[in-house]
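Here, each number is a calculation from the coordinates, and none is a lab measurement. Keep in mind the model is a prediction, meaning the values are calculated, not measured. All Cβ positions, glycine included, derive from the backbone under ideal geometry; neighbour counts span all protein chains shown.
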Amino acid sequence: MKSIVVVGSQWGDEGKGKVTNYYSSKADIVVRYQGGNNAGHTVKFNGMEFHLQTIPSGIFNEKTLNILGNGMVINPISLYSEMKTLLDAGFSLKNMVISSRANVDLNYHLTLDGLKEAHLKDKQIGTTKKGIGPCYTDKISRDGIRFCDFIDEDFPKIYAERLKEKNEEIARYGGEVIDLEESLKEYGKLAKFFKPYVKETVSILAKAKEENKKILFEGAQGTMLDIDFGTYPYVSSSNSSAGGAITGSGIGIDYIEACVGIVKAYTTRVGEGPFVTELHNELADTIREKAHEYGVVTHRPRRIGYLDLNQLRFSRNVNGFKYFALMLLDILSGLDEIKVCTKYELDGEVIDYIPASLKETYRCKPIYVTLPGWKEDITNVRSFKDLPENAKNYVQFIEKEIGATACLISVGPDHDATIIKEDIF
Ligand code: IMP
């Protein structure tokens, strides 16, 4: 296939990093199309460990062009420090460009994110406080500052105008106002640094299409955090589902061939909001410790639950994925039996969708099927046929219930702890 979109099908943290690393080694171009440094994953390369939040995962391959798409909101301070680490480690970063249309996530966005959350008291979203929501708000209300403006000589003037309004808002929330001169000094230096990286990227992608290049679209967060389809308002502020790949890159609808949904073998969530299959028991604690389920960006413990096929079916519909990558299957080894939610019960009725209404979602009860577990350690298995029968059944049950094929199964954190069930890219 010449192009695929890799998308989280739950609440993020499904293991997209490992899958995008795997596929990015085969890609000519990797594009991140939404979100910002609210995402995060750790990549091991040549014995070194790197923590990426904004830069696409194809960066380690000098031949792969990495595009930070127009749909992203990019914090220049945080991106600079990420780039500096890579430059210091010997990577040239000549294979990275920033879309001139991407929005700049600025210091007042971060301040307002924190203040707005504090103001919500017990109704907090549990954001990463990286300024993502306020930055997208400015984009939609046409008050955003884009990278083409950030590197322009008029930036100080535009920034000063915006900061005046934002400082008034910050003061209304009782926050500490931001100093103009100090900010301009820092941003001025960064603008110079970023200038060579900022490019018009629609034309780059158009040329790549003409040349039949292989393109990987790397989604961040997950479908249930999508601004349109997630558990609103407990969501992020972008289209993290596959549709975002089109609007967040400018690729056009004629080039994307498939979407791969990333599915964790159980469910996790960070932040507040409904979670129908959530567990509050020893099993949840065991899984959290075994899989180290703590947020990469905020270090918060993740909430844990059984696999929710009702959610995955919804996610398949929204993204149109025919394939999925099943992650962290090894974490479930050792259990006598495993429950899987197939549908919800809402006020006595069986439903096969996710309600839009938050109140209704909170009233949904999971309908479970119990599947037999497996005791064997599967971390060294490299072929589907060698998995224990009950692990195979678990995979096949998911395939049948959601109507999609597992193309990749991850059985451990290492790159090679992977079963390729179908080679699609
Ligand atoms: P925001 O994206 O910082 O505005 O946060 C909104 C919600 O999305 C919060 O519940 C966050 O915990 C969640 N969130 C944002 N980014 C990620 C991610 O990369 N993984 C998992 N959850 C995320």
What is the chain's relative contact order, in percent, from Cα pairs under 8 angstrom and six or more apart in sequence? 20 percent
How large is ³J(HN,Hα), in whole Hz, for each residue of the stretch 331-341 in order, when computed from phi with the Karplus curve 6.51 cos²θ - 1.76 cosθ + 1.60 and θ = phi - 60°, using x for Gly and Pro? 5, 7, 4, x, 8, 5, 8, 10, 8, 9, 7
Note to self: C-alpha centroids of the stretch 329-375 and the stretch 129-194 sit apart, in Å, by 44 Å
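If packing is taken as the average number of other Cβ atoms within 10 Å across a peptide's residues, how do 231-237, 12-18 rank, most packed first?
In descending order of packing, they fall as 12-18, 231-237.
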Both in Å, the radius of gyration and Dmax of the C-alpha trace of the stretch 104-194 are 13.4, 43
Evaluate the relative contact order of the stretch 169-273 (contact order divided by residue number), counting alpha-carbon pairs under 8 angstrom at least 6 apart; express in whole percent. 18 percent
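Dividing the Cα convex hull volume of the chain by residue count, how many Å³ per residue is that?
138 Å³
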With label points built 7 Å along Cα→Cβ from the Cα atoms of residue 247 and residue 389, find their separation and express it in nm. 4.9 nm
Under the 7 Å Cα-to-Cβ spin-label approximation, residue 232 and residue 357 lie apart by a distance in nanometres of 1.5 nm
Only bridges whose two residues both fall in the stretch 263-420 count here: according to DSSP, what percent of them are antiparallel, nearest 5? 70 percent
In nm, what is the difference between 0.36 nm times the number of residues separating residue 190 and residue 285 and their Cα-Cα distance? 29.9 nm
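Based solely on its DSSP helices, what 222 nm [θ] is calculated for the chain when runs of n ≥ 4 H residues each add -39,500 (n - 2.57) and the sum is averaged over all residues, nearest 500 deg cm²/dmol?
After summing the helix terms and dividing by the residues of the chain, the value is -9500 deg cm²/dmol.
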Derived scalar couplings ³J(HN,Hα) [the stretch 403-412; Karplus, 6.51 cos²θ - 1.76 cosθ + 1.60; whole Hz; x for Gly, Pro]: x, 8, 9, 6, 9, 9, 10, 9, 10, x
Please build a GNM for the chain, connecting alpha carbons under 10 Å apart, and tell me which residue among 180, 106, 332 fluctuates the most. 180
Within the stretch 409-423, name every residue whose backbone N is under 14 Å away from a label modeled 7 Å from Cα of residue 25 along the Cβ vector. 414-420
Farthest positive-ward along the stretch 263-420 dipole, Cα basis, beta-carbon charges - from 372, 405, 419: 405
With label points set 7 Å from each Cα along the Cα-to-Cβ direction at residue 143 and residue 92, the distance between them in nm comes to 4.3 nm
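Taking the Cα centre as origin and putting +1 on Lys and Arg beta-carbons and -1 on Asp and Glu beta-carbons, what dipole magnitude results for the stretch 128-199, to the nearest 20 debye?
Using Cβ point charges on Lys, Arg, Asp and Glu, the stretch 128-199 gives about 420 debye.
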Expected max-MSF residue from 132, 246, 204 in the GNM of the chain (alpha carbon, under 10 Å) is 204
Taking square-rooted eigenvalues a ≥ b ≥ c of the alpha carbon gyration tensor, is the stretch 274-350 rounded, prolate or oblate, where a/c under 1.5 means rounded and, failing that, a/b exceeding b/c means prolate? prolate
Greater than 28 Å apart at Cα, pairs in 322/385; 94/264; 290/392: 94/264
With Cα coordinates, the longest principal axis of the chain makes an angle with the long axis of helix 107-119, in degrees rounded to 10, of 50 degrees
For the chain, set up a GNM with springs between Cα atoms under 10 Å and report which of 302, 313, 269 has the largest fluctuation. 302
Estimate the FRET efficiency between residue 379 and residue 317 by the formula 1/(1 + (r/R0)^6), using the beta-carbon distance for r and 30 Å for R0, to the nearest 0.05. 0.35
Using +1 at the C-beta of Lys and Arg and -1 at the C-beta of Asp and Glu, which of 127, 50, 173 has the Cα lying farthest in the positive direction of the dipole of the chain? 50
Gyration tensor (alpha-carbon) shape descriptor, the stretch 129-242, a/c threshold 1.5: oblate
Taking r as the C-beta separation of residue 347 and residue 153 and R0 as 51 Å, the FRET efficiency to the nearest 0.05 is 0.25
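Under the classification rounded if a/c is under 1.5, otherwise prolate if a/b is larger than b/c and oblate if not, where does the stretch 263-420 fall, given a ≥ b ≥ c as square roots of the Cα gyration tensor eigenvalues?
Prolate, since a/c reaches 1.5 and a/b exceeds b/c.
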To check you understand DSSP bridge types, tell me what percent of the beta bridges within the chain (both residues inside) are antiparallel, rounded to 5. 40 percent
Grab the beta carbon distance between residue 212 and residue 420, set R0 = 35 Å, and tell me the FRET efficiency rounded to 0.05. 0.90
Added length on full extension, which subtracts the Cα-Cα distance from 0.36 nm per residue, residue 162 to residue 337: 57.3 nm
